[in-house]
Amino acid sequence: MLSTTPAKLAVISDDSYLSPFEGALIERCTIEASEGGIDKFTRGFESLGFVVKDDGSVSYREWAPNAVEASLVGDFNNWDASKHKMKKNPFGVFEIVVSEGIPHLSKVKIAMTLPDGRHIDRIPAWIQYATQDLSKSAAYDGVFWNPPQKYSFQHPQPPKPSTLRIYESHVGISSPEGRVASYTEFKDTVLPRIQKLGYNCIQLMAVMEHPYYASFGYQVTNFFAPSSRCGTPEELKAMIDEAHRMGITVLLDVVHSHCSKNVLDGLNEFDGTDHCYFHEGGRGRHDLWDSRLFNYGHHEVLRFLLSNLRYWLVEFKFDGFRFDGVTSMLYTHHGMGTGFSGGYNEYFGPQVDSESVTYMMLANHIMHKLHPHIVTIAEDVSGMPTLCRTVEEGGIGFDYRLAMAVPDMWIKLLKEKQDDEWDIGNIVHTLTNRRWKEPAIAYAESHDQALVGDKTLAFWLMDKEMYDYMSDLSPLTPIIDRGLALHKMIRLITFGLGGEGYLNFMGNEFGHPEWLDFPREGNGSSFHYARRQYNLIDDPLLRYKYLNNFDAAMQHLDSTYSILNAPDQFVSLKHEGDKVVVFERGNLLWIFNFHPTASFVDYRVGTKWAGCYKVALNTDDKEFGGHARVDQQGKYFSTPFGWNGRDNYIQVYIPSRTALVLRHE
């Protein structure tokens with residue numbers, strides 16, 4: 001049994017405004033798990049589903065409480081339901097041992113008889129491999145996975161990163177070619193690029209099996225099966241192992257917020273009822289996503305989901321998770337038609353789904369206890385207090401939350417405001433508006449902003465001119481010049497001021513043109529926009545290389561100076577007229593001039609550090625597609641006179657649309 005009931009909650013000591021909600025917080029903090037301890041309970045994949053014994057026999061166990069009879073059928077027994085009948089125990093679990101074993105790659109199903117005499121068959125809920133043959137059906141087939149040579153990991157998992165620089169990745173679209181890329185291709189061609197850029201973490205999307213490719217992996221049917229369209233489970237393991245060799249942490253984008261409503265190849269109506277794994281009726285359906293919602297209060301559902309997390313950690317050596325759809329999980333209204341103003345009454349009360357919150361607390365607490373090196377990230381737009389505090393403190397236990405307001409702010413600015421209308425104070429407020437002791441992952445754009453119907457930052461900035469003027473042989477038009485400058489500055493200020501970690505979606509680091517659109521009926525099943533054109537940075541004549549060079553320099557700035565985990569940041573200047581921002585973080589002095597036309601000579605900048613300063617990063621560097629208006633070897637000496645709340649000042653030349661990061665010597 002695991003029980004955590006703090007006598008006094010640290011979150012209330014840190015934030016007295018939480019005091020009226022102490023009862024709700026304490027109610028969250030009683031956690032129990034039984035059945036031989038949390039380790040055994042969360043290893044359901046070692047007792048349920050298919051388990052190969054040392055003697056070659058295979059046990060198969062499946063929870064299907066509504067069924068009255070069940071048989072294991074498949075290629076191995078010619079789909080004859082009379083050959084391998086299963087026995088049902090008092091807890092609704094059917095079981096059988098196939099003494100002769102089951103051949104590798106056999107297609108399998110569980111055939112069940114319902115109380116009304118109807119017969120149904122389903123893919124096993126714990127299946128570890130599923131494939132699709134479109135010539136026969138759009139539905140996936142469950143496949144028994146037991147290769148003669150299982151992958152053996154060669155490299156240790158890296159320690160938990162002190163700073164987190166995430167490269168958000170989708171294996172299927174990682175090739176410049178119009179097709180689905182593979183785990184092996186990603187290992188051989190994309191991982192070296194990520195390592196060279198300086199990212200220390202990849203976040204893998206669309207790994208859990210999903211029949212509809214265009215769902216971006218968010219309509220999961222088979223929770224224990226890695227997507228077969230990109231390769232085999234062993235090839236995914238090899239890819240993760242290679243990332244570990246490079247010292248790169250690998251996170252899984254896990255989808256436990258909802259489930260595909262597919263019946264034939266998913267969990268929906270698994271035992272003939274609508275409430276086997278889900279709530280029945282309306283509570284078990286997400287109207288916006290057209291999907292099913294888990295019953296987090298059910299013992300067997302908890303076993304399934306917690307074991308699913310352990311499975312990816314134990315069997316594939318993932319180093320943690322980004323939990324998708326946390327806002328939907330937190331509230332009974334799922335965030336639909338609801339705005340969040342920040343008032344604490346919005347976060348506590350009957351609108352909070354206590355069962356779901358308890359599940360997330362269990363998931364975080366147990367996984368961190370059993371695997372202390374892992375990282376968990378919450379995708380929550382609501383701003384739920386205590387989301388990233390430990391369970392012992394009264395929190396929900398995530399390590400980080402996504403700073404989702406930041407990319408929305410940048411897109412809104414580029415859509416609606418002229419450059420001279422930018423509200424510098426609001427930009428800084430949005431970047432710094434996060435809860436104390438609750439780390440955030442900052443990002444200027446993610447996959448959400450790249451999807452069809454929207455555009456990447458680069459495309460908002462440069463649009464159709466990217467087709468004709470991104471070559472060094474073509475004129476540097478005002479639009480391209482502005483786009484290159486602001487693309488770098490937006491990312492740098494987000495990186496430096498926006499959070500305790502940073503995220504970039506693959507390809508956006510070099511200003512990937514256009515948008516993302518998966519093959520579907522509405523676009524003629526085209527792969528044209530479902531790819532990442534890494535070839536653009538390999539062409540030395542194209543200007544994409546400048547943005548790529550800058551992103552690498554920005555990542556290495558953190559690896560050198562540990563910016564993202566620096567505990568203090570101080571903004572000394574937000575000048576609306578000059579469009580200048582100055583702040584200190586990571587023992588570096590950051591200076592941004594967003595003004596579209598004005599450059600400033602001998603601009604006075606306050607600093608707490610006396611002495612000499614040199615350039616650590618300059619967005620106007622020729623290597624980054626700039627105009628080299630700042631002397632890279634220049635030195636700046638402080639004057640002991642108070643300025644903008646700091647004890648000293650230096651004077652700098654800061655050109656328009658340029659950012660300088662200075663290091664103190």
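The values are calculated or read from the model by the stated rules, or taken from the named source; none is laboratory data. Keep in mind that what you see is a predicted model, and the values were worked out from it rather than measured. Virtual Cβ from ideal backbone geometry, glycine too; neighbours counted across all protein chains shown. What goes into the accessible areas is simple: the full protein's heavy atoms, side chains included, and nothing from ligands, DNA or RNA. Shrake-Rupley method; radii C 1.70, N 1.55, O 1.52, S 1.80 Å.
Scan region 311-346 residue by residue and report those that are surrounded by fewer than 16 Cβ atoms within 10 Å (Cβ to Cβ), assigned to a loop (DSSP other than H, G, I, E, B) and either within 23 Å of the chain's Cα centre (by Cα) or on the phi < 0 side of the Ramachandran plot (or both).
Once the filter is applied, which keeps residues that are surrounded by fewer than 16 Cβ atoms within 10 Å (Cβ to Cβ), assigned to a loop (DSSP other than H, G, I, E, B) and either within 23 Å of the chain's Cα centre (by Cα) or on the phi < 0 side of the Ramachandran plot (or both), region 311-346 yields Thr332, His333, Met336, Thr338, Gly339, Phe340, Ser341, Gly343.
Within region 438-540, which helices (runs of 4 or more DSSP H) (wholly inside it) include 3 or more residues that are within 20 Å of His170 (Cβ to Cβ) and open to solvent by less than 20 Å² (accessible area, probe 1.4 Å)? Before the answer, list the steps.
Working: elements: 447-450, 457-462, 478-497, 535-538.
Correct list: 447-450, 457-462.
So which of Arg389, Arg310, Arg322, Arg303 is of a type outside the set (Phe, Trp, Tyr) and closer than 30 Å to Gly483 by Cβ? Let's see the steps before the verdict.
Numbers: Arg389 fails: closer than 30 Å to Gly483 by Cβ; Arg310 fails: closer than 30 Å to Gly483 by Cβ; Arg303 fails: closer than 30 Å to Gly483 by Cβ.
The conditions single out Arg322.
Kindly indicate whether Arg165 is part of a strand (DSSP E or B) and out of contact with any His (no Cβ under 8 Å at 6 or more places or on another chain). Before you say what the answer is, go through the steps one by one.
Details: part of a strand (DSSP E or B): yes; out of contact with any His (no Cβ under 8 Å at 6 or more places or on another chain): yes.
Here the answer is yes, as Arg165 does meet what is asked.
Select, from Asp551, Asp558, the only residue that is in contact with an Asp or Glu (Cβ under 9 Å, 6 or more places away or on another chain) and either of a type in the set (A, V, I, L, M, F, W, C) or open to solvent by less than 30 Å² (accessible area, probe 1.4 Å) (or both). Steps first, answer last, please.
On the way: Asp558 fails: in contact with an Asp or Glu (Cβ under 9 Å, 6 or more places away or on another chain).
Testing whether each residue is in contact with an Asp or Glu (Cβ under 9 Å, 6 or more places away or on another chain) and either of a type in the set (A, V, I, L, M, F, W, C) or open to solvent by less than 30 Å² (accessible area, probe 1.4 Å) (or both) leaves just Asp551.
Of all residues in region 196-210, which are more than 27 Å from Leu557 (Cα to Cα) and in a strand (DSSP E or B)?
First pass over region 196-210, keeping only residues more than 27 Å from Leu557 (Cα to Cα): 206-210.
Met208, Glu209 - these are the residues of region 196-210 that are more than 27 Å from Leu557 (Cα to Cα) and in a strand (DSSP E or B).
Quick one: which of Val68, Val51 is within 23 Å of Phe223 (Cβ to Cβ) and open to solvent by 10 Å² or more (accessible area, probe 1.4 Å)? Please lay out each step first, then the result.
Values: Val68 fails: within 23 Å of Phe223 (Cβ to Cβ).
Just a single option satisfies the conditions, and that option is Val51.
Among the residues that make up region 161-175, is at least one of them charged (D, E, K, R), under 24 Å from the mean Cα position of the chain (by Cα) and at pLDDT 95 or above? Spell out how you get there, then give the answer.
Within region 161-175, the first condition is being charged (D, E, K, R), and the residues that meet it are 165, 168.
Imposing the further condition that a residue be under 24 Å from the mean Cα position of the chain (by Cα) reduces the set to 165, 168.
With the extra rule that they be at pLDDT 95 or above, the set shrinks to 165, 168.
Within region 161-175, one or more residues are charged (D, E, K, R), under 24 Å from the mean Cα position of the chain (by Cα) and at pLDDT 95 or above.
Could you please let me know if Ser169 is buried (at least 20 other Cβ atoms within 10 Å of the Cβ), in the same structural domain as Glu509 (by the TED database) and farther than 22 Å from Tyr502 by Cα? Reasoning before the result, please.
Details: buried (at least 20 other Cβ atoms within 10 Å of the Cβ): yes; in the same structural domain as Glu509 (by the TED database): yes; farther than 22 Å from Tyr502 by Cα: no.
Criteria not met by Ser169.
Can Tyr213 be described as under 19 Å from the mean Cα position of the chain (by Cα), surrounded by 22 or more Cβ atoms within 10 Å (Cβ to Cβ), in the same structural domain as Tyr311 (by the TED database) and farther than 18 Å from Val254 by Cβ? Quick ask: steps written out before the conclusion?
Working: under 19 Å from the mean Cα position of the chain (by Cα): yes; surrounded by 22 or more Cβ atoms within 10 Å (Cβ to Cβ): no; in the same structural domain as Tyr311 (by the TED database): yes; farther than 18 Å from Val254 by Cβ: yes.
For Tyr213, the condition - under 19 Å from the mean Cα position of the chain (by Cα), surrounded by 22 or more Cβ atoms within 10 Å (Cβ to Cβ), in the same structural domain as Tyr311 (by the TED database) and farther than 18 Å from Val254 by Cβ - is not met.
Residues that are of a type in the set (S, T, N, Q), crowded, with 18+ Cβ neighbours inside 10 Å and outside the structural domain of Lys488 (by the TED database): does region 580-589 have at least one?
As a first pass, look at region 580-589 and keep what is of a type in the set (S, T, N, Q): 587.
Next, from what is left, pick out any that are crowded, with 18+ Cβ neighbours inside 10 Å: none.
Taking every residue of region 580-589 in turn, none turns out to be of a type in the set (S, T, N, Q), crowded, with 18+ Cβ neighbours inside 10 Å and outside the structural domain of Lys488 (by the TED database).
Output the residues belonging to region 598-627 that are surrounded by fewer than 21 Cβ atoms within 10 Å (Cβ to Cβ), within 39 Å of the chain's Cα centre (by Cα), among the hydrophobic types (A, V, I, L, M, F, W, C) and assigned to a strand (DSSP E or B). Break it down into steps so the answer makes sense when it comes.
In the first step, residues of region 598-627 are kept if they are surrounded by fewer than 21 Cβ atoms within 10 Å (Cβ to Cβ); the result is 598-604, 608-612, 614-616, 622-623, 627.
In the following step, the residues that additionally are within 39 Å of the chain's Cα centre (by Cα) were identified as 598-599, 608-609, 614-616, 622-623, 627.
From what is left, the residues that are among the hydrophobic types (A, V, I, L, M, F, W, C) are 598, 609, 615-616.
Of everything in region 598-627, those that are surrounded by fewer than 21 Cβ atoms within 10 Å (Cβ to Cβ), within 39 Å of the chain's Cα centre (by Cα), among the hydrophobic types (A, V, I, L, M, F, W, C) and assigned to a strand (DSSP E or B) turn out to be Val615, Ala616.
For region 222-258, what are the residues that are open to solvent by 10 Å² or more (accessible area, probe 1.4 Å) and either at pLDDT below 95 or β-branched (Val, Ile, Thr) (or both)?
Thr232
Inspect all residues belonging to region 259-281 and state whether any of them is part of a helix (DSSP H, G or I), within 23 Å of the chain's Cα centre (by Cα) and buried (at least 20 other Cβ atoms within 10 Å of the Cβ).
Let us first name the residues in region 259-281 that are part of a helix (DSSP H, G or I), namely 281.
Subsequent filtering for residues that are within 23 Å of the chain's Cα centre (by Cα) retains none.
Looking through region 259-281, none of the residues is part of a helix (DSSP H, G or I), within 23 Å of the chain's Cα centre (by Cα) and buried (at least 20 other Cβ atoms within 10 Å of the Cβ).
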